[in-house]
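Written below as structure tokens is the structure these notes are about.
The values are calculated or read from the model by the stated rules, or taken from the named source; none is laboratory data. It should be emphasised that the depicted structure is a prediction, and the values quoted were computed from it without experimental measurement. Using ideal geometry, Cβ is built from the backbone for each residue, glycine included, and neighbour counts are taken over all protein chains shown.
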Amino acid sequence: MSEFDNQIPSAYDPFADANAEDSGAGTKEYVHVRIQQRNGRKSLTTVQGLKKEFSYNKILKDLKKEFCCNGTVVQDPELGQVCIETIPPSLLMEFIFMSYPSLLSD
């Protein structure tokens, strides 16, 4: 046999450390605010990843009163609850952080 047979590397998983249960990687939760372009100047803004203590329906009700816009809460099998509005994301983020400052505590 040649010397190279002994030097073949074994299978290495570069994400094994991140997938370990005792590691702290990926434990920080984020609130995702996304904009989705429809047609022309139309767009949708989605919010995902709020903590369990926050009610999507209550936040949506406050948003509708503040901005006179439309919105709905959708239950997605992969993403969980997603709140969909038709307002610009900058206004949405400012409103959420001003009305619900406990989101900033982490």
Residues that are surrounded by fewer than 11 Cβ atoms within 10 Å (Cβ to Cβ), hydrophobic (A, V, I, L, M, F, W, C), at pLDDT below 85 and over 21 Å from R38 (Cα atoms): does region 90-102 have at least one? no
Looking for whichever is in contact with a Pro (Cβ under 9 Å, 6 or more places away or on another chain) and not polar (S, T, N, Q) here; the options are I59, I35. Which one fits? I35
Working only within region 65-76, note down all residues that are surrounded by 14 or more Cβ atoms within 10 Å (Cβ to Cβ), within 18 Å of the chain's Cα centre (by Cα) and over 19 Å from Q37 (Cβ atoms). V73
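For (1) under 14 Å from M93 (Cα atoms); (2) surrounded by fewer than 13 Cβ atoms within 10 Å (Cβ to Cβ), each residue gets a yes or a no:
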| site | (1), (2) |
| --- | --- |
| S43 | no, no |
| E53 | no, yes |
| L60 | yes, no |
| L63 | yes, no |
| E78 | no, yes |
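Do you know which residues across region 18-41 are over 27 Å from P101 (Cα atoms), exposed (fewer than 10 other Cβ atoms within 10 Å of the Cβ) and either in contact with a Lys or Arg (Cβ under 7 Å, 6 or more places away or on another chain) or at pLDDT below 80 (or both)? Before the answer, list the steps.
Filtering region 18-41 down to residues over 27 Å from P101 (Cα atoms) leaves 18-23, 37-41.
Then drop every residue that is not exposed (fewer than 10 other Cβ atoms within 10 Å of the Cβ), which leaves 21-22, 37-41.
E21, D22 - these are the residues of region 18-41 that are over 27 Å from P101 (Cα atoms), exposed (fewer than 10 other Cβ atoms within 10 Å of the Cβ) and either in contact with a Lys or Arg (Cβ under 7 Å, 6 or more places away or on another chain) or at pLDDT below 80 (or both).
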In the set T72, T45, T86, which member is of a type in the set (S, T, Y) and at pLDDT below 85? T86
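When you check F4 against the structure, is it modelled with pLDDT under 60 and of a type in the set (F, W, Y), yes or no?
In short, yes.
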Looking at L60, L50, L79, which is the one that is under 21 Å from the mean Cα position of the chain (by Cα) and at pLDDT 85 or above? L60
